[in-house]
1. Give me the pairs: first residue in segment 144-155 and at negative phi and of a type outside the set (Phe, Trp, Tyr), second residue surrounded by fewer than 16 Cβ atoms within 10 Å (Cβ to Cβ) and not in a helix (DSSP H, G or I), beta-carbon distance under 8 Å, and six or more apart or on different chains, which are they?
2. Out of all the residues in segment 146-167, is one or more part of a strand (DSSP E or B), in contact with a helix residue (DSSP H, G or I) (Cβ under 7 Å, 6 or more places away or on another chain) and among the β-branched types (Val, Ile, Thr)?
3. Looking at segment 153-164, is at least one residue over 20 Å from Ala29 (Cα atoms) and surrounded by 11 or more Cβ atoms within 10 Å (Cβ to Cβ)?
4. Taking segment 45-74 only, how many residues are out of contact with any helix residue (DSSP H, G or I) (no Cβ under 8 Å at 6 or more places or on another chain), among the polar types (S, T, N, Q) and without any contact (Cβ under 8 Å) to a residue 40 or more places away in the chain?
5. May I ask you to list the residues in segment 107-123 that are assigned to a loop (DSSP other than H, G, I, E, B) and crowded, with 17+ Cβ neighbours inside 10 Å?
6. Taking only segment 108-132 into account, find how many residues are farther than 21 Å from Arg14 by Cα and either at pLDDT below 95 or in contact with a strand residue (DSSP E or B) (Cβ under 6 Å, 6 or more places away or on another chain) (or both).
7. What pairs can you find where one residue is in segment 105-126 and within 13 Å of Tyr89 (Cα to Cα), the other is aromatic (Phe, Trp, Tyr) and modelled with pLDDT of 95 or more, and their Cβ atoms are less than 6 Å apart, with a gap of 6+ or different chains?
8. Return yes when Thr102 is among the polar types (S, T, N, Q), in a loop (DSSP other than H, G, I, E, B) and without any contact (Cβ under 8 Å) to a residue 24 or more places away in the chain and no when it is not.
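The values are calculated or read from the model by the stated rules, or taken from the named source; none is laboratory data. All of these numbers come straight from a predicted model, not from anything done at the bench. Virtual Cβ from ideal backbone geometry, glycine too; neighbours counted across all protein chains shown.
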Amino acid sequence: MSGSEVIILRIGHRPERDQRVTTHVGLTARALGAKGMYLAAADKGVVESIGDVASRWGGDFFCQDNVKWRTCIKDWKAKGGTVIHLTMYGLNLPDVIDQVKTHKKILVIVGAEKVPGEIYGLADYNVAVTSQPHSEISSLALFLDHYFSGQEFRNEFPGAQIRIIPTPAGKHTED
């Protein structure tokens, strides 16, 4: 995992409707090894919620809202990054993950209900996490697990105020 930079670009977020799902996209990204999330909408509530978790649970995950998605994608590619679009219409994750893993600087596009058709052409890889409708949160989790080969379970989160101690029963935390 070291040396990999994975950032999420959340598009299609509707502040009046998608706050909880988008927050969970960010929390999933953070927990499973991504470094940050760009949000292609203005929603300070999402930014604050994710920032609060990151400050209490450690690590250096960022969340930036009001990002212009076309500019973000073009800038990412201009700096040598690779763009992955999670969709149910792309190539199956198990069939492309080895090729995707050769790229160490990736921007993962996670859409909401309707994704502009232009995204399919801008992405270097359109990756299907099954060819059935399901949650963008589960797609992201499966993608990150495959990309990091399970190593995300060993992540350390420096500066954590709270840390969970693995235990077979009950809850054990350390402050």
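1. Going by the 8 Å Cβ cut-off, the qualifying pairs are Gln151/Met1; Glu152/Met1; Asn155/Met1.
2. Among the residues of segment 146-167, not one is part of a strand (DSSP E or B), in contact with a helix residue (DSSP H, G or I) (Cβ under 7 Å, 6 or more places away or on another chain) and among the β-branched types (Val, Ile, Thr), which makes the answer no.
3. Within segment 153-164, none of the residues are over 20 Å from Ala29 (Cα atoms) and surrounded by 11 or more Cβ atoms within 10 Å (Cβ to Cβ).
4. 2
5. Gly111, Ala112, Val115, Ala123 - these are the residues of segment 107-123 that are assigned to a loop (DSSP other than H, G, I, E, B) and crowded, with 17+ Cβ neighbours inside 10 Å.
6. 10
7. Asn126/Tyr120
8. Here the answer is yes, as Thr102 does meet what is asked.
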